[in-house]
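Each reported figure results from applying straightforward, stated rules to the coordinates on display, with no laboratory input. Source: prediction; values computed, not measured. Note that each Cβ is placed from the backbone with ideal geometry, even for glycine, and that neighbours are counted across all protein chains shown.
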Amino acid sequence: FSSAPHRLGFGSANPTGKIPLGLKRKGLRIVVTGGAGFVGSHLVDRLIARGDSVIVVDNFFTGRKENVMQHFGNPNFELIRHDVVEPLLLEVDQIYHLACPASPTNVVGTLNMLGLAKRVGARFLLTSTSEVYGDPLQHPQKETYWGNVNPIGVRSCYDEGKRTAETLTMDYHRGAGVEVRIARIFNTYGPRMCIDDGRVVSNFVAQALRKEPLTVYGDGKQTRSFQYVSDLVEGLMRLMEGEHIGPFNLGNPGEFTMLELAEVVQETIDPDAKIEFRPNTEDDPHKRKPDIARAKELLGWEPKVALRKGLPLMVSDFRQRIFGDHKEGSN
Ligand code: NAD
Ligand code: UDP
Ligand code: UDP
């Protein structure tokens, strides 16, 4: 096994490891860490459909084999069970780094994937988050805003982990010349979303389907901006292929209070669904809405699927996973 960068025939006409823009892009070797997860699996579908070779690296912490099963048997698809906290040797052109539990291990995993990108000259894309803005004092949030994160708060492990991941990404760019891209993803929903991980959209949809009350935390006046997953995947691919590092906000600027979201869920699934108020979690951001001017201008990207159009698209998937296999409540 040679430690020299070697691309197994894909993109090997390009010894610098840089991927020239505007060239035909078929036949790249691409790693998607966290590719068996919600966003990752939709990204993998697009990349495979485009004709690329995709290696999914996932430890199935929150991801599921079912999300990528449609590609089993395809020679362009490979699934590796691996925890990115451990080093990994692969030969690839691009790395979409999505693997991330809500804990500090995302820092070690990011370091390893940056080390991999440096060794083989691959382009590296970090999926960061709008949580880097914390409880924002600027509204809507622009990429130039440095954020308002409580470093010792109950949510800070995830937020600070992603902030550190952004720092590492820029350090590897400046220090080692790694080609990097940073996406700051705002709340995203769609089919294959984890059913029971406590996110508001999955909670409300599952609750409405199960004829349980929709649990609104706090007074329900806090806002979020919800993006449909296909819009996000399009943005991630444009970012990877484009020439700009970012960071770029990728989100839908349509802003909703949690009570408004509950109404949309009622309209979509069950007009009789009840609402139940619960105490909110500490340090919950009051407002969140992306300013996407930068992505519009430099990536030519903007979301196309409004909440009322996107929500129905995840309902049949949820219905099937909740009721379809006689395993209600177990996910
Ligand atoms: P997800 O939990 O569905 O996907 C994450 C995947 O990473 C899962 O398949 C999980 O098994 C895998 N994973 C976790 N730890 C791992 C490890 N140590 N080694 C290997 N694999 C590991 O979550 P998602 O919503 O698809 O999120 C994807 C990325 O986008 C994450 O980095 C997340 O922080 C970011 N993001 C998502 C949202 C959103 O609203 N969905 C918002 C902001 C940022
Ligand atoms: N790494 C990896 N795969 C590779 C190259 C590196 O997982 O192909 C890991 C490596 O084990 C280390 C991290 O990435 O933990 C950072 O690597 P780098 O070479 O930047 O740092 P160094 O090993 O010199 O400290
Ligand atoms: N939330 C809610 N009911 C739920 C789950 C969440 O009202 O069942 C609220 C939560 O307090 C927060 C918002 O919905 O204000 C978004 O929460 P989520 O965890 O989905 O996303 P994040 O806070 O990470 O943006």
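Helix-derived [θ] at 222 nm for the chain: sum -39500 (n - 2.57) over DSSP H runs of at least 4, divide by residue count, nearest 500?
Values: 8 runs with 108 residues, N = 331.
Roughly -10500 deg cm²/dmol at 222 nm, from the helical runs in the chain.
Please compute the net charge surrounding V57, taking Lys and Arg as +1 and Asp and Glu as -1 over other residues with Cβ under 14 Å from its Cβ.
Details: positive: R29, K65, R81; negative: D58, E78, D83, E86, E91.
Combined, the nearby Lys, Arg, Asp and Glu give -2.
Loop-only GluC sites (Glu not before Pro) in the range 206-244, please: DSSP not H, G, I, E or B, and at most 16 other Cβ atoms within 10 Å.
Values: sites: E234, E241, E243; in loops: E243.
Those satisfying the criteria are E243.
Quick one: check the C-alpha center-to-center distance for the range 150-166 versus the range 201-223, whole angstrom.
One Cα centre to the other: 26 Å.
Can you tell me the 0 to 90 degree angle between the C-alpha axis of helix 156-176 and the longest principal axis of the chain, rounded to 10?
20 degrees
Could you work out how far the C-alpha centroid of the range 241-271 sits from that of the range 58-80, in angstrom?
Using only Cα atoms to place each centre, the spacing works out to 27 Å.
To test your reading of the geometry: what angle, between 0 and 90 degrees and rounded to tens, separates the Cα axis of helix 307-323 from the longest principal axis of the chain?
90 degrees
Need one number: % antiparallel among DSSP beta bridges in the chain, to the nearest 5. Each step should come with its number before you reach the end.
Details: 3 of 38 bridges.
Restricted to the chain, the bridges split so that about 10 percent are antiparallel.
What is the distance, in nm, between label points placed 7 Å from the Cα along the Cα-to-Cβ direction at R50 and at T167?
3.2 nm
Of all DSSP beta bridges located in the range 175-304, what percent are antiparallel, nearest 5? If you can, show how the numbers build up before the last one.
Numbers: 3 of 12 bridges.
Looking only at bridges with both residues in the range 175-304, the antiparallel portion is about 25 percent.
Compute the length gained on full extension between K142 and D196: take 0.36 nm times their separation in residues and subtract their Cα-Cα distance, giving the result in nm to one decimal. Display every interim value, and only then the final one.
Details: separation 54, 0.36 × 54 = 19.44 nm, distance 3.10 nm.
Length gained, K142 through D196: 16.3 nm.
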